[in-house]
1. Just to be sure I understand the filter: pairs with C-beta atoms under 8 Å, separated by 6 or more residues or on different chains, first member in the stretch 175-187 and at negative phi and of a type in the set (Val, Ile, Thr), second member assigned to a loop (DSSP other than H, G, I, E, B) and surrounded by 14 or more Cβ atoms within 10 Å (Cβ to Cβ). Which pairs pass?
2. In the stretch 70-81, what residues are over 15 Å from the mean Cα position of the chain (by Cα) and part of a loop (DSSP other than H, G, I, E, B)?
3. Among the residues of the stretch 161-187, which ones are at pLDDT 85 or above, of a type outside the set (Gly, Ala, Ser) and open to solvent by less than 90 Å² (accessible area, probe 1.4 Å)?
4. Let me spell it out: the conditions are (1) surrounded by 12 or more Cβ atoms within 10 Å (Cβ to Cβ); (2) part of a helix (DSSP H, G or I), and ASP150 meets all of them except one. Which number is the exception?
5. Filter the stretch 122-147 for residues that are in contact (Cβ under 8 Å) with a residue 60 or more places away in the chain, in a loop (DSSP other than H, G, I, E, B) and among the charged types (D, E, K, R) and give the result.
6. Looking at the stretch 153-183, which of its residues are part of a strand (DSSP E or B) and among the aliphatic types (A, V, I, L, M)?
7. Could you tell me which residue of the stretch 24-69 is most open to solvent (accessible area, probe 1.4 Å), considering only residues that are more than 12 Å from SER81 (Cα to Cα), assigned to a helix (DSSP H, G or I) and at pLDDT below 65?
Amino acid sequence: MAEEENMSRRRFLAALFKAGASIPSTWAKETVSKLPGVPDDARVRTVATPPGSVSRQNLNEKCTGCQLCIEKCPTKVLRPSVSQYGTDGIMQPVMDFSHAYCDFECIVCSEVCPTGAITPLSVDDKQSVLIGIAVVSKSICKEKCSICADICPASAIKMKEDYLNKITDQDGNVRFRKYPQIEEALCVGCGLCQFKCPATPVSAIHVEGYSIHK
């Protein structure tokens, strides 16, 4: 019965959304990454789904939008989707790394999901599941900043010299600008780097979600 009620609620919200009805501003607010002037490589194109959801398809098919995972998420990185999954995916959980991050030690959402949309994971399993990959926007990356590399819990980010970006100081000394380099096999897509990045108006590093987790 509860599942049928949740499905009915989602269908009702989807109908309103399709009809152009207003929705709460906390849902409808455009993300900063969509504003004019933001470099293309800093825009999030594919959102990440929670660890344990296996794939976007599995989440979309099994999630009833009950909000339990969103309610219980300690860091509040999970937010109800509006248009990220299309109108049929309204209210399903989406990772919002501009607002928070996925704790490397946390498996709460996989423990509370009642439908199998997010499958149970141990902490060790969760830390080896790749839900997305960090992407760097060099045009807005701050020089001499290494916060993302310093805090990465998976040690997936290293500061490396870009030999195409030469800098010569007033004394004629030459050095090469350093940028974060992502180790694809290690990056789990937790979003801590994106959340902590000091660049503005958007982070110089962001997570692109995988449609199927690795």
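The values are calculated or read from the model by the stated rules, or taken from the named source; none is laboratory data. For clarity, every value in this text was computed on a predicted model and none was experimentally measured. Cβ coordinates were reconstructed from backbone atoms using ideal geometry, including for glycine residues, and neighbour counts include every protein chain displayed. The accessibility values were calculated without ligands, DNA or RNA, using every heavy atom of the protein model including side chains. Shrake-Rupley method; radii C 1.70, N 1.55, O 1.52, S 1.80 Å.
1. Qualifying pairs under 8 Å: ILE182/ALA156.
2. The answer is PRO74, and nothing else.
3. Of everything in the stretch 161-187, those that are at pLDDT 85 or above, of a type outside the set (Gly, Ala, Ser) and open to solvent by less than 90 Å² (accessible area, probe 1.4 Å) turn out to be GLU161, ASP162, PHE176, ARG177, TYR179, PRO180, ILE182, LEU186, CYS187.
4. Checking ASP150 against (1) surrounded by 12 or more Cβ atoms within 10 Å (Cβ to Cβ); (2) part of a helix (DSSP H, G or I), the one that fails is (1).
5. If the condition is that a residue be in contact (Cβ under 8 Å) with a residue 60 or more places away in the chain, in a loop (DSSP other than H, G, I, E, B) and among the charged types (D, E, K, R), then LYS138, LYS142 are the ones that fit.
6. ILE157, MET159, LEU164, ILE167, VAL174, ILE182
7. Looking at residues that are more than 12 Å from SER81 (Cα to Cα), assigned to a helix (DSSP H, G or I) and at pLDDT below 65, I get LYS34.
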